[in-house]
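Novice: This is the structure I have questions about; it appears just below.
The values are calculated or read from the model by the stated rules, or taken from the named source; none is laboratory data. Bear in mind that the values here come from a model prediction, so they are computed numbers and not experimental data. Please note: Cβ atoms are built from the backbone with ideal geometry, for glycine as well, and neighbour counts cover all protein chains shown. Quick note on the areas: whole protein, heavy atoms, side chains included, nothing else; ligands and nucleic acids left out. Shrake-Rupley method; radii C 1.70, N 1.55, O 1.52, S 1.80 Å.
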Amino acid sequence: MKSFNGKVLFLDRSDINTDEIIPARYLTEITKEALTPYLLEDLELAGFDAKRDIAPAGAVMTRANFGCGSSREHAPWAFEMNAMNIVIGESFARIFKQNMFNCGMMAVELAPAVIDDLMARFSGRETELSTDLATGVFRFTAGDESLEVPFEISEFDRALVEAGGWVGYADTHY
Amino acid sequence: MGKTIAEKIFESHLVDNPSGDIQVIRLDSVFCHEITTPVAITDLQARGMDRVFDPSKIKAVIDHVTPAKDSKTAMQGKIVREWALRHGIIDFFDIGDNGVCHALFPEKGFVRPGYTIIMGDSHTCTHGAFGAFAAGVGTTDLEVGILKGVCAFHAPQTMKVVITGELVPGVYAKDVILDVIGRLGVNGATNRVIEFTGPVVDAMSMESRMTLCNMAIEAGGTCGICAPDMTTVDYLWPFIQDEFKTKEAALEAYSTFAADVDAEYTDELVVDVAGLVPMATFGYKPDQVKPVAELSGERVDQVYIGSCTNGRIEDLRVAAAVLEGKHVHPSVRGVLSPATPTIYKMALKEGLIEIFMDAGFCVTNPTCGACLGMSNGVLAEGEVCASTTNRNFNGRMGKGGMVHLMSPASAAATALTGVITNSHIFTGEA
Ligand code: SF4
């Protein structure tokens, strides 16, 4: 099972699309590793600097409809290759969310008010996420401030995370 | 309680219900292209699982960048080509026979009402125009589809979009769907199937229905669906005439997939198109939509006519009617990509290609090309393109480039003037 802990990268905008996550010009790559340097290359967002912000991060927090646009699984892979295995947001585009769990990664929804609160408290600060999958609790820590937030994922999504993704799951079930 | 089209299709294809509302369904077809399939193939090989569940149910095409533009795209093609050969995938379309997947596969008769189809491509929703459930998926879903012939989805929820009134001349399916996306928003149909119904849809050709369903994903929809009717049967007749004695018999069989009158929908949107005018996008999201008239005068550098949205014969006819006897503005580069070889040949026979060429258009081979900014008309930084495609994301047609989505008629009119233009000034319509 993958790690769902690490520094949080805050992307405070809705509708971040898959072209912004990994532009189409890199779809000619046939290995996941080759995508590593291009994650979020076309994302223009105040305060965000891909070179400075990506390498230290292990998790992403964002707003609504994250991952809309194309079906490219290159988007989760680009995160995976940068050791970011979890995205937390208000909502996700269907295919992106499915792709994340299919790769044994997580796309977790929290209520808009909770995201608001977390953004207000932690965005702009060095924030560490630790995920307890067994109890369904996130712990966010910045300096001496710490906050626990419960989360839910479906039984099936949990089975995918535990199986390391859909290929492993399907191969044992069908 | 009655069922929607998607619910009926799922019910007839259900393999497993592992937990909650997750339904694993049997697939009638798995479609493949050279951008998302090579990674699936190499991953399956690495896992020691280089198998296919049924070579006759896998359809593959090299369409996004063809002929290859560099060594990397050549390698993508090679991987798919060798894989198709290795596994006896007969329905594989390469140079000379290839075209944009969502235009080519329906034309070959690979889609039937009630089918379940996945493809590693978000615009797979196009095939719902035939009353099928067709969804774009990522590479892992594609891998499992290729290997096992199944895919997992949440139980389908359906939103109903009823299109009433009558389209005025000069206003097309593209204008309707842009208007609908403007109303729904890019997230308005997420996790739902959009069932398009109403008199306007009933009167539409299969080509126009495909344009509608093609853009369901731009509102977040899993699939767009139109109920099968006589128009569907007429289109499919060359492929199904051995299966059914009469067209009526075919329609009766397909009608089992029509929605029940008491089917439950999550939401319903009624759009009266009587007053609808030509529409276009103005920003970097497909729900940023305005009447073309409000954007008129905005300069463009390129006009692109093609793609799985509007590169079909009907679209070429409409654009050619606007262009006939005229020439594109000297500051505009016009690019036409007929979506398939069959469309290309029809356009040649009908004299449409000549009209485009006389108007100063460059006519390319059938391919996705500039639509995704990989070849055949990539924009330079700061350039603007009026395009009949489906996505206007920042940089979609090239880094720093901007795209205005519109109908073939509006795009053709824009090519003539060099600024965004309503086609009615040339045709006297709308
Ligand atoms: S024409 Fe454009 S939208 Fe359609 S399949 Fe090709 S790249 Fe995708």
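Novice: Taking only region B:151-188 into account, find how many residues are more than 29 Å from residue B:403 (Cα to Cα), open to solvent by less than 10 Å² (accessible area, probe 1.4 Å) and among the aliphatic types (A, V, I, L, M).
Specialist: The number of residues fulfilling the criteria is 1.
Novice: Where in region A:66-174 are the helices (runs of 4 or more DSSP H), entirely inside, with at least 1 residues that are surrounded by fewer than 23 Cβ atoms within 10 Å (Cβ to Cβ) and facing chain B (nearest Cβ under 9 Å)? I'd like the intermediate steps shown before the answer.
Specialist: Numbers: elements: A:74-81, A:94-102, A:112-122, A:155-163, A:166-173.
Here the list reads A:155-163, A:166-173.
Novice: Being more than 30 Å from residue B:364 (Cβ to Cβ) and open to solvent by less than 50 Å² (accessible area, probe 1.4 Å) is the requirement here; does residue B:4 meet it?
Specialist: Numbers: more than 30 Å from residue B:364 (Cβ to Cβ): yes; open to solvent by less than 50 Å² (accessible area, probe 1.4 Å): yes.
Taking the combined requirement at face value, the residue satisfies it.
Novice: Hey, does region B:119-139 have a residue that's assigned to a strand (DSSP E or B) and open to solvent by 10 Å² or more (accessible area, probe 1.4 Å)?
Specialist: Of all residues in region B:119-139, those assigned to a strand (DSSP E or B) come to B:119, B:133-136.
Narrowing further to those that are open to solvent by 10 Å² or more (accessible area, probe 1.4 Å): none.
The answer is no; no qualifying residue exists.
Novice: Considering each residue of region B:375-392, count those that are within 13 Å of the ligand (Cβ to nearest atom) and open to solvent by 10 Å² or more (accessible area, probe 1.4 Å), and give that number.
Specialist: 4
Novice: Considering region B:350-388 alone, what residues qualify as being among the hydrophobic types (A, V, I, L, M, F, W, C), part of a loop (DSSP other than H, G, I, E, B) and within 14 Å of chain A (Cβ to nearest Cβ)?
Specialist: Keep residues of region B:350-388 that are among the hydrophobic types (A, V, I, L, M, F, W, C), which gives B:352-353, B:355-357, B:359, B:361-363, B:368, B:370-372, B:374, B:378-380, B:384-386.
From what's left, part of a loop (DSSP other than H, G, I, E, B): B:359, B:368, B:374, B:378-380.
Residues satisfying the conditions are B:368, B:374, B:378, B:379, B:380.
Novice: Further question: Do you know which residues across region B:1-60 are farther than 30 Å from residue B:73 by Cα, basic (Lys, Arg) and within 14 Å of chain A (Cβ to nearest Cβ)? Before the answer, list the steps.
Specialist: At the first step, the residues of region B:1-60 found to be farther than 30 Å from residue B:73 by Cα are B:1-26.
Filter again for basic (Lys, Arg), leaving B:3, B:8, B:26.
Residue satisfying the conditions is B:26 alone.
Novice: Quickly run through region B:306-349 and pick out the residues that are within 12 Å of the ligand (Cβ to nearest atom), more than 14 Å from chain A (Cβ to nearest Cβ) and of a type in the set (A, V, I, L, M, F, W, C).
Specialist: Scanning region B:306-349 gives a single hit, B:339.
Novice: Check off (1) facing another protein chain (nearest Cβ under 8 Å); (2) among the charged types (D, E, K, R); (3) surrounded by fewer than 19 Cβ atoms within 10 Å (Cβ to Cβ) for residue A:42 and give me the number that stays unchecked.
Specialist: Tallying (1) facing another protein chain (nearest Cβ under 8 Å); (2) among the charged types (D, E, K, R); (3) surrounded by fewer than 19 Cβ atoms within 10 Å (Cβ to Cβ), residue A:42 fails exactly one: (3).
Novice: Restricting to region B:244-275, and then to whatever is open to solvent by 80 Å² or more (accessible area, probe 1.4 Å) and assigned to a helix (DSSP H, G or I), can you tell me which residue is farthest from residue B:198 (Cα to Cα)?
Specialist: Initial filter on region B:244-275 (open to solvent by 80 Å² or more (accessible area, probe 1.4 Å)): B:245, B:248, B:252, B:256, B:261-262, B:264, B:268, B:270, B:272.
Restricting the remaining residues to those that are assigned to a helix (DSSP H, G or I) gives B:248, B:252, B:256.
Details: B:248: 21, B:252: 20, B:256: 19 Å.
The extreme case among them is B:248.
Novice: Starting from residues that are farther than 27 Å from residue B:45 by Cβ and open to solvent by less than 10 Å² (accessible area, probe 1.4 Å), keep the ones in region B:102-112 and report whichever is nearest to the ligand (Cβ to nearest atom). It would help to see each step written out before you state the result.
Specialist: From region B:102-112, those farther than 27 Å from residue B:45 by Cβ are B:102-103, B:106-109, B:111-112; that's our starting set.
Among the residues that remain, those that are also open to solvent by less than 10 Å² (accessible area, probe 1.4 Å) are: B:102-103, B:106, B:109, B:111.
Values: B:102: 6, B:103: 8, B:106: 13, B:109: 19, B:111: 15 Å.
Top of the filtered list is B:102.
Novice: From the list B:130, B:110, which one is aromatic (Phe, Trp, Tyr), under 21 Å from the mean Cα position of the chain (by Cα) and closer than 21 Å to residue B:52 by Cβ?
Specialist: Details: B:130 fails: closer than 21 Å to residue B:52 by Cβ.
Step by step, each of B:130, B:110 is checked, and only B:110 is aromatic (Phe, Trp, Tyr), under 21 Å from the mean Cα position of the chain (by Cα) and closer than 21 Å to residue B:52 by Cβ.
Novice: Could you list all residues from region B:282-313 that are under 23 Å from residue B:165 (Cα atoms) and in contact with a strand residue (DSSP E or B) (Cβ under 7 Å, 6 or more places away or on another chain)?
Specialist: B:289, B:290, B:291, B:292
Novice: Which pairs have Cβ atoms under 8 Å, sit 6 or more apart or on different chains, and link a residue in region B:389-413 that is within 14 Å of another protein chain (Cβ to nearest Cβ) and without any contact (Cβ under 8 Å) to a residue 40 or more places away in the chain to one that is part of a strand (DSSP E or B) and more than 15 Å from the ligand (Cβ to nearest atom)?
Specialist: As it stands, the answer is B:401/B:384, since those pairs meet every condition given.
Novice: Given (1) open to solvent by 40 Å² or more (accessible area, probe 1.4 Å); (2) more than 14 Å from every other protein chain (Cβ to nearest Cβ), where does residue B:99 come up short, assuming only one miss?
Specialist: Checking residue B:99 against (1) open to solvent by 40 Å² or more (accessible area, probe 1.4 Å); (2) more than 14 Å from every other protein chain (Cβ to nearest Cβ), the one that fails is (1).
Novice: Here's something else I'd like to know. How about region B:119-159: which of its residues are closer than 24 Å to residue B:17 by Cβ and β-branched (Val, Ile, Thr)?
Specialist: B:124, B:137, B:140, B:144, B:146, B:150, B:158, listed by residue number.
Novice: Check residue B:82 against each of (1) in a helix (DSSP H, G or I); (2) surrounded by 16 or more Cβ atoms within 10 Å (Cβ to Cβ); (3) not hydrophobic (A, V, I, L, M, F, W, C) and name the one condition it does not meet.
Specialist: Of (1) in a helix (DSSP H, G or I); (2) surrounded by 16 or more Cβ atoms within 10 Å (Cβ to Cβ); (3) not hydrophobic (A, V, I, L, M, F, W, C), only one is false for residue B:82: (2).
Novice: Now a separate question. Which of the residues belonging to region B:61-72 are at the interface with another protein chain (Cβ under 10 Å from one of its Cβ atoms) and surrounded by 24 or more Cβ atoms within 10 Å (Cβ to Cβ)? Walk me through it before giving the result.
Specialist: The initial filter retains those residues of region B:61-72 that are at the interface with another protein chain (Cβ under 10 Å from one of its Cβ atoms), namely B:64-65, B:68-72.
Listed by number, the residues that qualify are B:64, B:65.
Novice: Something else now. Quick check on this structure: which one of A:19, A:15 is surrounded by fewer than 23 Cβ atoms within 10 Å (Cβ to Cβ) and facing another protein chain (nearest Cβ under 7 Å)? Explain how you work it out, then say what you get.
Specialist: Details: A:19 fails: surrounded by fewer than 23 Cβ atoms within 10 Å (Cβ to Cβ).
After ruling out the rest, the residue left standing is A:15.
Novice: Can you tell me which residue within region B:79-107, out of those that are within 18 Å of residue B:52 (Cα to Cα) and charged (D, E, K, R), is farthest from the chain's Cα centre (by Cα)? Explain how you work it out, then say what you get.
Specialist: Residues of region B:79-107 that are within 18 Å of residue B:52 (Cα to Cα), as a first pass: B:79-93.
Filter once more, so that each one left must be charged (D, E, K, R): B:81-82, B:86, B:91.
On the way: B:81: 24, B:82: 27, B:86: 29, B:91: 20 Å.
Top of the filtered list is B:86.
Novice: Among the residues of region A:54-65, write down those that are more than 11 Å from the chain's Cα centre (by Cα) and open to solvent by less than 30 Å² (accessible area, probe 1.4 Å).
Specialist: So the first thing to find is which residues in region A:54-65 are more than 11 Å from the chain's Cα centre (by Cα), and the list is A:54-56, A:63-65.
Across region A:54-65, the qualifying residues are A:54, A:64, A:65.
Novice: Shifting gears a bit: Only one residue in A:42, A:12, A:49 is touching a Pro at 6+ places or on another chain (Cβ under 6 Å) and not β-branched (Val, Ile, Thr), so which one is that?
Specialist: Values: A:12 fails: touching a Pro at 6+ places or on another chain (Cβ under 6 Å); A:49 fails: touching a Pro at 6+ places or on another chain (Cβ under 6 Å).
The unique qualifying residue is A:42.
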